[in-house]
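The values are calculated or read from the model by the stated rules, or taken from the named source; none is laboratory data. Being a predicted model, the structure only gives us computed values, none of them experimental. Cβ placement follows ideal geometry from the backbone for every residue including glycine, while neighbour counts extend to all protein chains displayed.
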């Protein structure tokens, strides 16, 4: 644990206090918190990447939560072929993100891709998808939602299976409709489970790198450049190891802050009567 986790974390924190380009022959030079001051007040590119990362996370997690809970409610009912449909629905989550990204690169092609063919069959004008700065982030969000909605569905299904039967039996006796039963019984009882699912997905979405790197490399015009992409470019394109290390520490702080906030909300849910 010390060798694999603790040492790299401490070394990254130490390198974030250094000025060093890996392509230079000069050794690292200690500059203190200068990189962190630049991140906070003097780097508009990092600021844009920060808000873009938060927006992407909010977009995908919200859509995946709504769709995942809806699919869980559907698959919690008895119907013919339910096991087969459940199995098919989790296949996107099983596939490798890089392979999925490569498939969607072909599907999003403006002239040869199947997505614009489907759009045209629906009577709409073709989209630019990842080839336009206005639609690229939403096209990437669609890929993430398609891949990771099954994860929230599985967690919500487990939560539904553990719900007590007595409140539903009382609701049937009182003549409650299905919608009122869902709103006043299912959703409150399922809320702690949903928060756990959101916690997992929010942490993962904040760190999304593979599909963005494979599909857009942060473009066009930096429209899809998140903190992870900016950090990668600083380290392996510009070889600015000190500044990239500071960005890594900042990203770690953002992820930890989001995790602690969601965990606090979860504890409040469990402690509420």
- If you go through the range 132-182, how many residues are under 19 Å from residue 87 (Cα atoms) and at pLDDT below 90? 1
- Task: Please enumerate the residues belonging to the range 1-16 that are more than 19 Å from residue 227 (Cα to Cα) and outside any helix (DSSP H, G or I).
- Result: 1
- Log entry, pairs with first residue in the range 65-82 being over 10 Å from residue 152 (Cβ atoms), second being modelled with pLDDT under 90 and surrounded by fewer than 13 Cβ atoms within 10 Å (Cβ to Cβ), beta carbons closer than 8 Å, six or more apart or on different chains, reads 76/161
- Query: Does the range 95-106 contain at least one residue that is under 18 Å from the mean Cα position of the chain (by Cα), loosely packed, with under 13 Cβ neighbours inside 10 Å, in a loop (DSSP other than H, G, I, E, B) and in contact (Cβ under 8 Å) with a residue 24 or more places away in the chain?
  - Reply: yes
- Task: With the condition kept exactly as written, say whether any residue in the range 237-251 is more than 14 Å from residue 49 (Cβ to Cβ) and modelled with pLDDT under 90.
- Result: yes
- Task: Determine whether the range 109-123 contains at least one residue that is surrounded by fewer than 12 Cβ atoms within 10 Å (Cβ to Cβ), in a loop (DSSP other than H, G, I, E, B), at pLDDT 90 or above and in the same structural domain as residue 208 (by TED's automatic domain parsing).
- Result: no
- Task: Could you tell me whether the range 260-272 includes any residue that is not in a helix (DSSP H, G or I) and not assigned by TED's automatic domain parsing to the domain that holds residue 58?
- Result: yes
- Single match in 233, 240, 228 (criterion: crowded, with 17+ Cβ neighbours inside 10 Å and out of contact with any helix residue (DSSP H, G or I) (no Cβ under 8 Å at 6 or more places or on another chain)): 233
